[in-house]
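Written out below as structure tokens is the structure these notes cover.
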Amino acid sequence: MSENILKFSMNRCTSVEPVDETTLKSVCRLTDTFTSACVEILVRLPDLEIVAVQGQFHHEWRQLSDPNEVLQKVLGVRVGSGMLKIIKGLMGDAEDLDQLTYMVEECCHGIILALTRDILIKAPVNQEGKLEFFSKMVRDNIRLYNRCAAFAPGTRLTQGIEPPQ
Amino acid sequence: MLKFARNKLVGVARKNDDVLSIHGVLDDDIYSVEVDLCVGIKDLTFLSIEGKWHRWTTPECPRAIEFLQEAQGFCIDETIDGKIHKIVGRKACRHFANLLIECCYAAREAARVVGWEAAKEDQPDLALKDFVAAKAAAPGETAQQKSASAEQRGAPEKSADTPIIQAQQEKSKPDPLESQKGAAGCVIDLHVHTFPASPCSSASEDQLIQEARRIGLNGICLTDHNHVWSAAQVEDLRQKHGFLILRGNEITTDQGDMLVFGLEKDIKGIVKLQDLKEEVARAEGFIIAAHPFRGFLTFGAGELGLTPERAAQRALFQWVDAIEVMNGKVTVKENNLAASVAAKLGLPATGGSDAHDMTEVGCYATRFSTPIQTEAELIAALKSGDYLAVPFRQEKELFHSSYVEKETV
């Protein structure tokens with residue numbers, strides 16, 4: 001037995017592109033030792049509602065009769081706060097659906113990150129400007145306070161910011 | 001042209017007889033991180049974890065690395081994703097957490113391969129599919145884990161035998177509606193969460209009620225997540241504290257969270273808003289869209305030009321009776337958008353703290369023009385539309401400071 005040969009490998013890619021001025025398409029593709037799957041959602045701006053969804057799922061031993069039937073349950077869900085609970089709840093918690101559900105979530109995260117990128121690109125390059133930029137981000141979106149190591153109390157980014165009640 | 005792309009690559013090798021070695025890479029337009037994780041094959045427990053940044057955003061992001069160590073000892077079971085989100089995502093970085101979840105998935109699948117290879121030594125013709133099916137059919141530890149994690153997820157139930165009213169308190173029972181005396185109308189916090197009924201809350205019902213009394217609210221509604229309080233429990237609390245306690249429920253639907261009054265049904269899981277509306281209508285209850293724009297205006301999403309006119313077109317508003325326009329857990333901008341939409345649609349507007357901690361109760365509330373003493377009266381008052389959302393604590397502070405000022409002069 002060679003120690004260097006992988007027992008399992010996976011590659012997951014999520015990409016987001018505009019379809020038109022008010023629609024974004026997010027696609028998540030998974031290829032691993034056992035799985036070949038793809039989920040695609042269309043999200044309408046500005047309210048970020050999922051307006052179309054489709055997918056394929058092939059697995060070594062898991063059989064999904066019709067992944068598209070399950071996927072249609074997330075139509076109308078809004079990409080944003082609280083979406084994970086809603087998506088999981090609508091798609092169900094059957095083990096066979098774990099990956100399909102996760103891929104819908106990844107598509108949604110892709111949308112959020114694509115929009116986040118548009119903001120982050122405006123961050124100043126110099127250190128002082130960056131501190132001010134991200135500190136303002138926390139001030140404007142107080143929910144970010146203490147949401148990660150960077151925005152924890154005591155960091156330079158949260159100095160002078162009152163914790164949310 | 002792509003607006004964003006994220007690639008994740010995970011490989012799992014067998015380091016030795018007992019350990020799996022997992023290497024994960026996440027690389028996207030914004031972040032680039034790596035994780036090296038060692039996991040015990042037998043119990044899938046984290047033995048070591050190392051992280052590395054290549055690209056990040058804020059000057060403080062590198063601090064996340066040290067907090068990855070808090071995941072040491074984690075076991076890859078049914079609760080692992082939640083633990084990673086909570087500990088790694090919140091204390092370190094959500095992008096490391098995201099990659100770590102992929103590593104756990106890969107480790108679980110690799111352990112399956114290792115198990116199958118071992119089984120094949122005795123049964124050379126054993127197909128992977130058959131091995132997996134046999135494992136799934138075998139009862140044992142997995143089932144126990146399932147049951148344990150299900151217990152952890154659910155709210156601990158109150159014992160029916162728990163004496164809510166202590167004998168000592170029986171002696172001098174306060175008037176349950178003492179808080180209503182002398183008030184022409186009343187101010188009620190319509191949105192409050194208690195522990196353990198809402199596992200996300202840190203305050204017991206007693207703590208919240210005492211604080212609500214102290215700050216001068218006339219009553220509160222217990223609106224725990226998908227949890228139904230019995231009328232007897234609430235009556236006991238009323239008697240115990242001499243304070244108006246009413247029942248509601250915060251139910252998660254496909255269109256977000258809804259505050260529901262007058263529906264005793266114990267709803268679990270996620271329901272379609274339209275179905276919920278029909279149930280509530282049958283029960284002659286009332287349904288309020290809770291924090292309808294929570295998170296709408298963060299990051300780039302806030303710059304997409306979501307106008308009140310456009311926001312008012314959201315399908316959910318056709319199924320609700322009112323809109324919560326003052327919620328203690330959202331930003332002022334998000335509350336303002338909700339208020340604009342309510343005004344545009346001519347829907348009544350309510351306020352509630354969404355308190356999950358004692359200090360939060362009453363930050364926002366609803367001022368009714370008539371006194372309310374029962375659930376039936378609450379629903380009637382809600383249906384009348386004769387009320388206002390108010391920043392209760394702020395008003396109290398202003399009143400107090402102007403009173404102190406006058407006294408000093």
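The values are calculated or read from the model by the stated rules, or taken from the named source; none is laboratory data. Predicted, not measured: the structure shown is a model, and the values here were computed from it. With ideal geometry, Cβ positions are generated from the backbone for all residues, glycine too; neighbour counts draw on all protein chains shown. Only protein heavy atoms, including side chains, enter the accessible area calculation; ligands, DNA and RNA are left aside. Shrake-Rupley method; radii C 1.70, N 1.55, O 1.52, S 1.80 Å.
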(Q) Among the residues of region B:254-275, what is the count of those that are open to solvent by less than 40 Å² (accessible area, probe 1.4 Å) and over 22 Å from residue B:352 (Cα atoms)? (A) 2
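Pull up region A:100-120, narrow it to residues that are more than 18 Å from residue A:64 (Cα to Cα) and touching a residue at least 60 places away in the same chain (Cβ under 8 Å), then point me to the one that is nearest to the other protein chains (Cβ to nearest Cβ).
Looking at the filtered set, the residue picked out is A:114.
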Q. Among the residues of region B:268-281, is any more than 9 Å from every other protein chain (Cβ to nearest Cβ), modelled with pLDDT under 95 and in a loop (DSSP other than H, G, I, E, B)?
A. yes
Q: Could you check, for region B:65-72, whether at least one of its residues is out of contact with any Ser or Thr (no Cβ under 9 Å at 6 or more places or on another chain), within 14 Å of chain A (Cβ to nearest Cβ) and aromatic (Phe, Trp, Tyr)?
A: yes
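Regarding residue A:143, is this residue in a helix (DSSP H, G or I), within 9 Å of another protein chain (Cβ to nearest Cβ) and either without any contact (Cβ under 8 Å) to a residue 40 or more places away in the chain or under 25 Å from residue B:303 (Cα atoms) (or both)?
Against the criterion (in a helix (DSSP H, G or I), within 9 Å of another protein chain (Cβ to nearest Cβ) and either without any contact (Cβ under 8 Å) to a residue 40 or more places away in the chain or under 25 Å from residue B:303 (Cα atoms) (or both)), residue A:143 qualifies.
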Q) If you go through region B:47-70 one residue at a time, do you hit one that is touching a residue at least 40 places away in the same chain (Cβ under 8 Å), among the small types (Gly, Ala, Ser) and open to solvent by less than 50 Å² (accessible area, probe 1.4 Å)? A) yes
Q) Taking interchain pairs and intrachain pairs at least six residues apart, which have beta carbon atoms under 7 angstrom, with the first residue in region A:50-66 and away from every other protein chain (no Cβ under 14 Å) and the second assigned to a loop (DSSP other than H, G, I, E, B)? A) A:57/A:64
Q | Count of region B:343-367 residues which are surrounded by 24 or more Cβ atoms within 10 Å (Cβ to Cβ) and in a strand (DSSP E or B) | A | 6
Q: Considering each of B:270, B:323 in turn, give the residue that is assigned by TED's automatic domain parsing to the domain that holds residue B:355 and over 17 Å from residue B:342 (Cβ atoms).
A: B:270
(Q) So residue B:341 passes all but one of these: (1) under 18 Å from residue B:250 (Cβ atoms); (2) touching a strand residue (DSSP E or B) at 6+ places or on another chain (Cβ under 8 Å). Which condition number does it fail? (A) (1)
Q. When region B:219-263 is examined, which residues are found to be within 14 Å of chain A (Cβ to nearest Cβ) and of a type in the set (A, V, I, L, M, F, W, C)?
A. B:251, B:258
Q) (1) open to solvent by less than 30 Å² (accessible area, probe 1.4 Å); (2) outside any strand (DSSP E or B); (3) among the small types (Gly, Ala, Ser): which one isn't true of residue B:376, the others all being true? A) (1)
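Quick check on my filter: what residues within region A:143-165 are within 30 Å of residue B:7 (Cα to Cα) and buried (at least 20 other Cβ atoms within 10 Å of the Cβ)?
As a first pass, look at region A:143-165 and keep what is within 30 Å of residue B:7 (Cα to Cα): A:143-152, A:155, A:157.
Correct list: A:144, A:148, A:149, A:150, A:151, A:155, A:157.
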Q: Tell me, please, whether a residue that is in contact (Cβ under 8 Å) with a residue 24 or more places away in the chain, more than 10 Å from chain B (Cβ to nearest Cβ), of a type outside the set (D, E, K, R) and over 22 Å from residue B:53 (Cβ atoms) can be found in region A:90-99.
A: yes
Q | strands (runs of 3 or more DSSP E) wholly inside region A:1-117 that include at least 3 residues being among the aliphatic types (A, V, I, L, M) and open to solvent by less than 20 Å² (accessible area, probe 1.4 Å) | A | A:23-32, A:35-44
(Q) Of everything in region B:98-130, what is in a helix (DSSP H, G or I), more than 9 Å from chain A (Cβ to nearest Cβ) and open to solvent by less than 50 Å² (accessible area, probe 1.4 Å)? Give them in sequence order. (A) B:99, B:100, B:103, B:104, B:115, B:119
Q) For region A:121-131, does any single residue satisfy the condition of being more than 9 Å from chain B (Cβ to nearest Cβ), buried (at least 20 other Cβ atoms within 10 Å of the Cβ) and modelled with pLDDT of 95 or more? A) no
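A quick yes/no check of all residues on (1) under 27 Å from residue A:120 (Cβ atoms); (2) open to solvent by 40 Å² or more (accessible area, probe 1.4 Å):
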site	(1), (2)
B:277	no, yes
B:283	no, yes
B:293	yes, no
B:296	yes, no
B:315	no, yes
B:323	no, no
B:327	no, no
B:332	yes, yes
B:338	no, no
(Q) Being crowded, with 17+ Cβ neighbours inside 10 Å and in the same structural domain as residue B:258 (by TED's automatic domain parsing) is the requirement here; does residue B:307 meet it? (A) no
Q. Can we say residue B:136 is assigned to a helix (DSSP H, G or I), over 23 Å from residue A:131 (Cβ atoms) and facing chain A (nearest Cβ under 7 Å)?
A. no
Q) Quick one: would you say residue A:132 is in a helix (DSSP H, G or I) and within 26 Å of residue A:51 (Cβ to Cβ)? A) no
**Q.** Members of region B:181-193 found to be open to solvent by less than 10 Å² (accessible area, probe 1.4 Å) and over 16 Å from residue B:363 (Cβ atoms), listed by number
**A.** B:186
